[in-house]
Structures are given as structure tokens and as C-alpha cells.
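Here is the structure we will look at.
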Amino acid sequence: MKKTFNLNINSKDALIITDIQLDFLPGGALPLKEGDQVIPIINEYTKAFMKANATIIASRDWHPENHMSFKAQGGLWPPHCVQTTEGASFHPDLKLPKGTIVVSKATDPTKEAYSVFDGTDLAGTLKENGVVRVFVGGLATDYCVVNTVLDALKIGLDTVVLVDAIRGINVKAGDVDKAMATMIKSGAEQVTLDDFPEPDTLPTGEGLEEGITDGSLSKVETKKKARMRPKGAYNQIRRERG
Ligand code: VGL
Ligand code: ZN
């Protein structure tokens with residue numbers, strides 16, 4: 001049966017950008033191969049979602065220095081994304097508009113939390129903002145992205161994976177492929193930038209440059225509906241899927 005997939009982004013949509021932090025990027029403490037390649041792509045998505053008056057969420061892995069996931073505590077990982085360190089900061093090229101809601105996760109030293117929903121207010125925030133569909137991109141496919149997507153589906157959100165805006169770790173070969181298959185089997189849709197209207201039919205991204213940087217993070221940590229410009233004239237495209 002053919003399924004139509006409506007990519008007309010609107011205020012009931014949210015973009016969830018996961019963990020674009022220096023420690024997960026080349027040169028960082030737990031670097032993902034080609035992790036930095038998603039940044040310009042995510043910036044394109046952000047422009048489109050900002051113009052469509054959608055909610056924009058940026059998560060960050062935000063560990064205390066004695067977090068149980070670190071090797072010194074018997075965990076899997078080298079120390080990474082320790083609260084307030086440079087490695088935990090967003091990459092400076094990541095453009096986050098004013099009104100972006102920053103969600104910090106895995107802050108409890110005794111618990112791992114890969115999903116942005118795990119131990120955070122994200123579900124409530126999305127509900128308050130009337131969000132019914134989420135688009136997820138970022139790092140890492142086989143940890144944060146897959147667990148966030150599965151939790152979103154569990155609470156009844158339509159959930160779309162931005163497949164050109166994710167990269168994984170692959171601790172074991174095949175982990176990323178398995179994560180992708182699990183998301184699809186569980187009901188997630190997948191899209192790339194090409195599925196959206198042509199860039200020059202999109203409104204321009206004016207306003208992005210004045211967006212937040214890590215230096216002003218504290219100002220955006222309140223749960224506030226993104227202050228957005230009026231909805232742009234979006235082309236509605238429908239994507240035929242087999
Ligand atoms: C993550 C590895 C270690 C993630 C967090 O959220 O993807 N991956 N900590
Ligand atoms: Zn972590």
C-alpha cells in the first residue's frame with residue numbers, strides 16, 4: 001500500500017538536534033567519524049524549522065565528572081561531555097536560533113540515559129508546545145538517536161529520522177545498521193534534505209546568525225516556546241513511498 005508523507009513543516013513539528021558537542025566530534029574525547037559533517041546539514045534543517053515556526057530542541061550529554069558510564073567507574077566510555085567543560089559545549093558552527101530549548105541529559109551520576117526523553121522534561125515540553133511530530137538528527141545514531149526515536153514513538157509522536165544528519169559510533173561493526181533497522185521497524189519514517197523543497201524555494205535563514213552560542217546557554221534553558229518569525233510560504237510536497 002502506498003503511504004503519503006507530508007513534509008509541510010508547521011508549528012506542531014519539532015526538530016530535535018542531539019548532542020552536537022565537541023567531545024563527540026573529531027578531536028574530542030569520544031569522537032565520531034565524520035561527526036562534523038552533519039553540522040551544515042543540521043543548520044539547513046534548522047533554518048527550515050525556524051521559518052515554519054516549529055519547536056527547536058538541542059540536547060546535550062551533560063555528565064557529572066564521576067558518571068557511571070566512564071571507564072574509571074566501570075563504564076564503557078572515556079570521560080566525555082563533563083558539565084561545563086569545553087568538550088561538552090556545542091560546536092561553534094552549530095546555529096541555534098533564539099528560543100531553542102536546550103535539554104541536558106544523563107546528569108545523574110548513577111544512571112546512563114541515552115534518550116533525550118530519559119530523565120528530562122522533554123515529553124512535557126513537547127506536549128505544552130502542541131508538538132505531534134518530531135524530526136531527529138545528530139549524534140550518535142546507535143545511542144542517543146535510536147533511543148530518542150524509540151521513546152518518541154512510544155509516547156505516540158510521529159517520528160522522522162533525518163538520515164543525512166546522523167552519525168554513529170559502531171562499537172561493534174553493524175551497530176549503526178542495526179539501530180537504523182530498529183527505528184524503521186518500530187515505525188519511524190526517514191527523510192533527507194532532498195525530500196524537502198529546493199533550498200531556493202525555502203525562505204532565507206535570516207536571524208540564524210544572531211542565535212545562541214554556548215556563552216549564552218543559561219538564557220535559553222528556560223522552557224520557552226521558540227520565538228519565531230511568521231510562517232514562510234512553504235511548498236507542500238508529498239513523498240510517495242512504496
Ligand atoms: C552517547 C555515547 C556516550 C549518546 C552518550 O547520547 O549518543 N553516546 N554518551
Ligand atoms: Zn555520555
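Which of the residues spanning the stretch 151-196 are on the phi > 0 side of the Ramachandran plot and out of contact with any helix residue (DSSP H, G or I) (no Cβ under 6 Å at 6 or more places or on another chain)?
Scanning the stretch 151-196 gives Gly156, Gly174.
Phe49: closer than 25 Å to Thr192 by Cα, in contact with a strand residue (DSSP E or B) (Cβ under 6 Å, 6 or more places away or on another chain) and away from ligand 2 (no atom under 14 Å from the Cβ), yes or no?
The answer is yes for Phe49.
Yes or no: the stretch 73-83 includes at least one residue that is among the β-branched types (Val, Ile, Thr), within 16 Å of ligand 2 (Cβ to nearest atom) and within 18 Å of the chain's Cα centre (by Cα).
no
Identify the single condition in (1) farther than 18 Å from Phe135 by Cβ; (2) within 16 Å of ligand 1 (Cβ to nearest atom) that Ile42 does not satisfy, given that it satisfies every other one.
Condition (1) is where Ile42 drops out.
Could we say that Ile166 is among the β-branched types (Val, Ile, Thr), touching a Gly at 6+ places or on another chain (Cβ under 8 Å), crowded, with 23+ Cβ neighbours inside 10 Å and modelled with pLDDT of 95 or more here?
Yes; evaluated as a whole, the condition is true for this residue.
Which one of Tyr143, Tyr45, Tyr114 is among the hydroxyl-bearing types (Ser, Thr, Tyr), outside any loop (DSSP other than H, G, I, E, B), open to solvent by 30 Å² or more (accessible area, probe 1.4 Å) and in contact with a Phe, Trp or Tyr (Cβ under 9 Å, 6 or more places away or on another chain)?
None of the other options fit; the residue is Tyr143.
Taking the stretch 91-103, which residues are under 12 Å from the mean Cα position of the chain (by Cα) and either within 12 Å of ligand 2 (Cβ to nearest atom) or not hydroxyl-bearing (Ser, Thr, Tyr) (or both)?
Answer for the stretch 91-103, where residues must be under 12 Å from the mean Cα position of the chain (by Cα) and either within 12 Å of ligand 2 (Cβ to nearest atom) or not hydroxyl-bearing (Ser, Thr, Tyr) (or both): Leu94, Leu96, Ile101, Val102, Val103.
Quick check on my filter: what residues within the stretch 68-93 are closer than 16 Å to Gly28 by Cα, open to solvent by 10 Å² or more (accessible area, probe 1.4 Å) and assigned to a loop (DSSP other than H, G, I, E, B)?
Pro78, Pro79, Gln83, Thr84, Thr85, Ser89, His91, Pro92, Asp93
On the basis of being in contact (Cβ under 8 Å) with a residue 60 or more places away in the chain and in contact with an Asp or Glu (Cβ under 9 Å, 6 or more places away or on another chain), does Gly137 make the cut?
It is true that Gly137 is in contact (Cβ under 8 Å) with a residue 60 or more places away in the chain and in contact with an Asp or Glu (Cβ under 9 Å, 6 or more places away or on another chain).
Which of the following residues is under 23 Å from Asp61 (Cα atoms) and either modelled with pLDDT of 95 or more or not in a helix (DSSP H, G or I) (or both): Gly124, Gly215?
Going through Gly124, Gly215 in turn, the sole match is Gly124.
The values are calculated or read from the model by the stated rules, or taken from the named source; none is laboratory data. Fair warning: this is a prediction, and the values are worked out from it, not measured in the lab. Cβ coordinates were reconstructed from backbone atoms using ideal geometry, including for glycine residues, and neighbour counts include every protein chain displayed. To get the accessible areas, we keep the full protein, side chains included, count just its heavy atoms, and leave off ligands, DNA and RNA. Shrake-Rupley method; radii C 1.70, N 1.55, O 1.52, S 1.80 Å.
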